[in-house]
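One structure is given below, encoded as structure tokens.
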Amino acid sequence: MLHRHSANRVREALQDTRVVLLAGPRQAGKTTLARLLAEKSRTYLTLDDATTLSAAKSDPAGLIRELDQVIIDEVQRAPALLLAIKESVDRDPRPGRFLIIGSANLMTLPHIADSLAGRMETIRLLPLSQSEILAQPPPRFLASLFAGRAPQPGPLLIGSALVDLVLAGGYPEAVARKTWTRRQDWYANYVDAVVDRDVRDIANIDQLDRMPRLLRALAVHSGQLINHAGVGASLDINHVTTQKYTGIFEQLFLVRTLPPWHNNALKRLTKKPKLHFLDSGLLAALINLTPEKVAANRASFRPILETFVFSEVLKLASWSENRLTLSHFRDKELDEVDIVIEDRDGRIVGLEIKAAATVRSEDFSGLRKLAAAVGERFAFGAVLYDHERTVAFGDRLAAIPLSSLWG
């Protein structure tokens, strides 16, 4: 059993919050974590059970009325249950009564978000981070950068070892499989299960058969600016439908849109968001990228590596006590910063990702523009690269090893 760095947040939330929602993609380890943390006396219900699901849909208030401390799994299958939970915790506001688990982002549903405001804390659990896989403590990566210094590297993984860990991704069952072929089989079955089951739970889709093909088309565009018309054209889907279906994949924690960073000091900035997958292993499987193909063409590794770093940073941000927002920077001259991180005090950290073992001064052009635009608010700019050494490139600028993400 691998320790999850979100465990302490769940424990703390159960001590002072009436409803705790553990949300994330299917098969990320939510149920395992919830059952590990919960008291033995806590009732466990799953809406994957046909009888329980029928009761939740036909008489949600009746099902909730008899429950005190409970785990309810796959709650997105019966959203009306959340309104019954609201009524229950309004009558009995003791903390920690409901630990609910969802494989879809319920807070995108307005009536749910409004009804549980102030009563529920949402904790997101994404697939395993590299530090969790390596049994390392929560990394100090972001804390170091916001303190204006380069973080310490973790256990060194470079070259082919880096490729292997990135292509493996973070889903526990996929990581446990030893060969790339077996992992591909798992990811193929995973996509089929998500489309056949989870999509039906949260949306009324009249072209369900196109969803797997759309997911693969989106995979080709991961790490790029979103162009719904371009993605849908090859599938004969208009841009409105493509955008709607992409939103469903986002609700299911398969993809994430990264908004553009903007600042009044810079007038010629790109205003389009970027699309990212939330797991590099799933992305690699969708585009059939193998270690052998990366060895033959290293350029193919860059988009997968960017997805991997983005996902790792999201996980690091979710464990941070500092509330952080993520965006990307690109101007009309195509200078860019892959990930811009801003804290509540307005301090800025910029990350550029490079799949090579060499970094040049020009790789910092976007970071230098970002630093000039925000002035003293700029905490640090780093180019993450496939090497073991940290190399300074000026004031608050450095090339740092990718292993710093799990240091």
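Select the strands (runs of 3 or more DSSP E) contained entirely in segment 1-82, then report the ones holding at least 3 residues which are crowded, with 17+ Cβ neighbours inside 10 Å and among the hydrophobic types (A, V, I, L, M, F, W, C).
By residue number, 19-23, 70-73.
With respect to A61, determine if the residue is more than 19 Å from the chain's Cα centre (by Cα) and in contact (Cβ under 8 Å) with a residue 60 or more places away in the chain.
Details: more than 19 Å from the chain's Cα centre (by Cα): yes; in contact (Cβ under 8 Å) with a residue 60 or more places away in the chain: no.
For A61, the condition - more than 19 Å from the chain's Cα centre (by Cα) and in contact (Cβ under 8 Å) with a residue 60 or more places away in the chain - is not met.
Taking R94 and the conditions (1) among the basic types (K, R); (2) outside any helix (DSSP H, G or I); (3) in contact with a helix residue (DSSP H, G or I) (Cβ under 7 Å, 6 or more places away or on another chain), which numbered condition does it fall short on, given that it satisfies the others?
Of (1) among the basic types (K, R); (2) outside any helix (DSSP H, G or I); (3) in contact with a helix residue (DSSP H, G or I) (Cβ under 7 Å, 6 or more places away or on another chain), only one is false for R94: (3).
Can you say whether T51 is hydroxyl-bearing (S, T, Y) and in contact with an Asp or Glu (Cβ under 8 Å, 6 or more places away or on another chain), as far as the supplied structure shows?
On the way: hydroxyl-bearing (S, T, Y): yes; in contact with an Asp or Glu (Cβ under 8 Å, 6 or more places away or on another chain): no.
So T51 does not fit the description; no.
Looking for whichever is under 21 Å from L37 (Cβ atoms) and at pLDDT 90 or above here; the options are L145, L162, L126. Which one fits?
When all the criteria are applied, what remains is L126.
What number of residues in segment 270-288 are under 13 Å from the mean Cα position of the chain (by Cα), part of a loop (DSSP other than H, G, I, E, B) and under 16 Å from D192 (Cα atoms)?
0
Identify, please: which residue in segment 285-298 is touching a residue at least 24 places away in the same chain (Cβ under 8 Å) and hydrophobic (A, V, I, L, M, F, W, C) and is, among those, farthest from Y171 (Cα to Cα)? Steps first, please.
Our first condition is that a residue be touching a residue at least 24 places away in the same chain (Cβ under 8 Å); within segment 285-298, this holds for 285-291, 294-295, 298.
The next check asks that each one be hydrophobic (A, V, I, L, M, F, W, C); those that pass are 285-287, 289, 294-295.
Values: A285: 12, L286: 15, I287: 17, L289: 17, V294: 21, A295: 24 Å.
Going through the qualifying residues, I end up with A295.
Considering each residue of segment 194-224, count those that are exposed (fewer than 15 other Cβ atoms within 10 Å of the Cβ), of a type in the set (A, V, I, L, M) and in contact (Cβ under 8 Å) with a residue 24 or more places away in the chain, and give that number.
Result for segment 194-224: 1.
So how many residues does segment 386-398 have that are buried (at least 18 other Cβ atoms within 10 Å of the Cβ) and either of a type in the set (D, E) or closer than 18 Å to R149 by Cβ (or both)?
We begin by selecting, within segment 386-398, every residue buried (at least 18 other Cβ atoms within 10 Å of the Cβ); these are 386-387, 393, 396-398.
With either of a type in the set (D, E) or closer than 18 Å to R149 by Cβ (or both) added as a condition, the list becomes 386, 393, 396-398.
Within segment 386-398, residues that are buried (at least 18 other Cβ atoms within 10 Å of the Cβ) and either of a type in the set (D, E) or closer than 18 Å to R149 by Cβ (or both) number 5.
Which ones in segment 321-377 are surrounded by fewer than 16 Cβ atoms within 10 Å (Cβ to Cβ) and in contact with a Gly (Cβ under 7 Å, 6 or more places away or on another chain)?
Of everything in segment 321-377, just one residue is surrounded by fewer than 16 Cβ atoms within 10 Å (Cβ to Cβ) and in contact with a Gly (Cβ under 7 Å, 6 or more places away or on another chain), namely R377.
Is there a residue in segment 153-163 that is closer than 19 Å to R256 by Cβ and in contact with a Leu (Cβ under 7 Å, 6 or more places away or on another chain)?
No: zero hits.
I'd like the full set of residues that are crowded, with 16+ Cβ neighbours inside 10 Å and within 25 Å of D331 (Cβ to Cβ), limited to segment 226-235.
I226, H228, V231
Table: residues versus (1) farther than 22 Å from P260 by Cβ; (2) aromatic (F, W, Y); (3) modelled with pLDDT of 95 or more.
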position: N288; (1), (2), (3): yes, no, no
position: L305; (1), (2), (3): no, no, yes
position: F308; (1), (2), (3): no, yes, yes
position: L316; (1), (2), (3): no, no, yes
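The values are calculated or read from the model by the stated rules, or taken from the named source; none is laboratory data. Just so we're clear, the structure is a prediction, and the values are computed from it rather than from any experiment. Cβ sites come from the backbone with ideal geometry, for glycine too, and all protein chains shown count toward neighbours.
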